[in-house]
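K.L.:
The structure's right below; bear with me while I get my questions together.
The values are calculated or read from the model by the stated rules, or taken from the named source; none is laboratory data. Computed from a predicted structure; not experimentally measured. Because the Cβ atoms are built from the backbone with ideal geometry, glycine has one as well, and the counts that use them run over all protein chains shown.
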Amino acid sequence: MSSIPLATVHVMRHGEVDNPDRIVYGRLPNYHLTEKGRAMTRASAEHFARLAREGHNIVYLTCSPLTRTRESAEPITELLGLEAHPDSRLIEGGNHFEGLHVNKDELLRNPRHWPKLLNPTRPSWGEPYGEQAARMAAAIRDAAAKAVELGGEGAEAIVVSHQLPIWMARRSAEGKFLPHDPRTRQCNLASVTSFHFDDLQGNSRPTISYCEPAADLYSGVIQLPGS
């Protein structure tokens with residue numbers, strides 16, 4: 001960034017979740033972080049604490065209301081002293097296969113799932129990509145406005161959410177098509193996708209930066225697209 005933006009919102013994905021059975025847990029409650037997942041979110045919280053020591057004015061924290069995102073926000077509260085404000089717009093995307101152990105062969109063998117597989121560009125199995133992008137964009141912009149309200153121009157906020165909604169928000173902000181190959185998402189566990197705003201009226205697109213404070217902890221973790 002060549003100049004200080006009006007506001008910045010750092011959108012963090014939650015850490016690794018305890019899910020040994022590889023269930024599509026979606027919006028289900030009581031899916032907790034693993035010990036490594038907690039270490040991941042601690043690494044990201046320490047990244048934010050370093051930014052604060054360097055002069056970044058981080059003044060607001062909000063998160064998805066699900067268990068794994070609330071737990072991911074805890075080390076940020078500890079290190080930066082910010083209360084986490086739940087926002088339902090930051091929740092995981094709705095998914096027909098929630099609660100199931102799903103693989104491609106199982107889906108194709110079961111006729112009751114076939115109608116949900118007809119249109120991967122919407123997608124037909126869950127909340128439309130466009131709806132996810134719209135609610136996330138509104139939540140992120142509101143977090144930016146709250147940061148400016150609390151800390152003045154140049155203030156920053158942290159949002160804790162989920163892979164697919166974060167990726168939809170980013171693709172929308174960058175003016176890209178929302179349908180995509182899940183394997184191409186740049187949104188790893190406890191990663192930080194930052195939205196830098198020059199205005200809050202929607203007259204220009206935010207610029208995006210990305211980092212992975214917990215990259216040293218990725219080896220051996222279970223990764224499910226959309227989690």
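K.L.:
Of the residues Y25, Y31, Y60, only one is over 19 Å from E212 (Cβ atoms) and either charged (D, E, K, R) or not in a loop (DSSP other than H, G, I, E, B) (or both); which? If you could, list the steps in order and put the result at the bottom.
P.N.:
Details: Y25 fails: either charged (D, E, K, R) or not in a loop (DSSP other than H, G, I, E, B) (or both); Y31 fails: either charged (D, E, K, R) or not in a loop (DSSP other than H, G, I, E, B) (or both).
None of the others qualify; the one that does is Y60.
K.L.:
If the requirement is being at pLDDT 95 or above, part of a helix (DSSP H, G or I) and surrounded by fewer than 18 Cβ atoms within 10 Å (Cβ to Cβ), which of these qualifies: A169, A138?
P.N.:
None of the others qualify; the one that does is A138.
K.L.:
Tell me which residues, restricted to region 185-209, are touching a residue at least 60 places away in the same chain (Cβ under 8 Å) and among the small types (G, A, S).
P.N.:
A190, S191, S194, G202, S209 - these are the residues of region 185-209 that are touching a residue at least 60 places away in the same chain (Cβ under 8 Å) and among the small types (G, A, S).
K.L.:
Also, I was wondering about something else. Looking for whichever is more than 25 Å from G130 (Cβ to Cβ) and not aromatic (F, W, Y) here; the options are G81, G94, G99. Which one fits?
P.N.:
Only one candidate qualifies: G81.
K.L.:
Another question, if that's okay. Are any residues in region 85-122 outside any helix (DSSP H, G or I) and in contact with a strand residue (DSSP E or B) (Cβ under 9 Å, 6 or more places away or on another chain), and if so, which ones?
P.N.:
H85, P86, D87, I91, E92, G93, G94, N95, H96, F97, E98
K.L.:
If you take the residues in region 200-218 that are assigned to a strand (DSSP E or B) and of a type outside the set (S, T, Y), which one is farthest from I166 (Cα to Cα)? Write out each step before concluding.
P.N.:
Here is the first cut: in region 200-218, the residues assigned to a strand (DSSP E or B) are 207-211.
From what is left, the residues that are of a type outside the set (S, T, Y) are 208, 211.
Numbers: I208: 12, C211: 14 Å.
Among those residues, the one meeting the criterion is C211.
K.L.:
Quick check on my filter: what residues within region 172-199 are loosely packed, with under 14 Cβ neighbours inside 10 Å and not in a loop (DSSP other than H, G, I, E, B)?
P.N.:
Result: P182, R183, T184.
K.L.:
Of the residues that make up region 124-132, is at least one over 20 Å from C187 (Cα atoms) and part of a helix (DSSP H, G or I)?
P.N.:
The answer is no; no qualifying residue exists.
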